[in-house]
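Below: one structure, written as structure tokens.
The values are calculated or read from the model by the stated rules, or taken from the named source; none is laboratory data. Since the structure is predicted, the reported quantities are computational estimates derived from the model, not experimental observations. Every residue, glycine among them, receives a Cβ derived from its backbone with ideal geometry; neighbour counts consider all protein chains shown.
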């Protein structure tokens, strides 16, 4: 699987912000597949190895409704871009693109452990790579980056809107009863309501959705042991 649009990563932070503002104009926040229409989904995550100064990226393709792992791709890339809040895509993007290039499947949906449009310039990593690959994508983050919200009902499926500068940019969703919510936002070619439904449908026994939960296990194994081994799918 290869990007449709060429990526630019070797930029200064100032140039990176300028590019984000340009790419933001290409983001489409509308449509998206219904959960029952998704037959394949890719989860993506990155782990940073501080000792080696490298980023370990993983993409795991699941077949639905079984949530069976059918393909995976990994990449280990030097961390060339500094950690700058709001510019995560320029740090992790090169590793994720290489991992995506390892898979043959073109999934119906890309799910990122990170932000979509819930971002200061409306272009988190889920939106950035969604535009580059021209695939429906959503971001499901563990923590808030920008915005204001009311706490959602404390039951699975409860959610509240996330607002930034007076506009809705996503939702705050309970994927399990009695646990902390996650922060869901469209990446590209998906609307807010659809992203919310997909996040709930992809979350089963855990707070995190299955695609990114399994991808996280794989990239963590890659960082610690140099490979995923039999951790994948457990």
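Quick notes on this one:
- With respect to the conditions (1) assigned to a strand (DSSP E or B); (2) more than 13 Å from the chain's Cα centre (by Cα); (3) buried (at least 22 other Cβ atoms within 10 Å of the Cβ), residue 132 falls short on a single one, namely (1).
- Subset tally (residues that are touching a strand residue (DSSP E or B) at 6+ places or on another chain (Cβ under 7 Å), part of a loop (DSSP other than H, G, I, E, B) and within 13 Å of residue 89 (Cα to Cα)) for the range 110-126: 6
- Within the range 163-182, restricting attention to residues that are over 17 Å from the mean Cα position of the chain (by Cα) and outside any loop (DSSP other than H, G, I, E, B), the residue that is surrounded by the most Cβ atoms within 10 Å (Cβ to Cβ) is 164.
- Residue within the range 149-158 that is in contact with a strand residue (DSSP E or B) (Cβ under 6 Å, 6 or more places away or on another chain), assigned to a loop (DSSP other than H, G, I, E, B) and surrounded by fewer than 12 Cβ atoms within 10 Å (Cβ to Cβ) present: yes
- Exactly one residue out of 89, 80 is surrounded by fewer than 16 Cβ atoms within 10 Å (Cβ to Cβ) and either at pLDDT below 95 or under 24 Å from residue 17 (Cβ atoms) (or both), and it is 80.
- Residue count for the range 7-26 satisfying the condition of being assigned to a loop (DSSP other than H, G, I, E, B), touching a residue at least 12 places away in the same chain (Cβ under 8 Å) and either out of contact with any strand residue (DSSP E or B) (no Cβ under 9 Å at 6 or more places or on another chain) or under 17 Å from residue 87 (Cα atoms) (or both): 4.
- Looking across the range 60-88 at every residue that is touching a helix residue (DSSP H, G or I) at 6+ places or on another chain (Cβ under 7 Å) and free of Cβ contacts under 8 Å to residues at least 60 places away in the same chain, the one that is farthest from residue 5 (Cα to Cα) is identified as 83.
- Some residue of the range 190-200 being under 25 Å from residue 74 (Cα atoms), modelled with pLDDT of 95 or more and crowded, with 23+ Cβ neighbours inside 10 Å: yes
- Only listed residue being in contact (Cβ under 8 Å) with a residue 60 or more places away in the chain, touching a strand residue (DSSP E or B) at 6+ places or on another chain (Cβ under 9 Å) and in a helix (DSSP H, G or I), chosen from 107, 94: 94
- Here residue 121 fits the description: in contact (Cβ under 8 Å) with a residue 40 or more places away in the chain, closer than 28 Å to residue 100 by Cα and surrounded by fewer than 20 Cβ atoms within 10 Å (Cβ to Cβ).
- Among residues of the range 190-202 that are under 9 Å from residue 138 (Cα atoms), those with a beta-carbon under 9 Å from a residue that is assigned to a helix (DSSP H, G or I) at least six positions away or on a different chain give the pairs 190/130; 190/198; 198/35.
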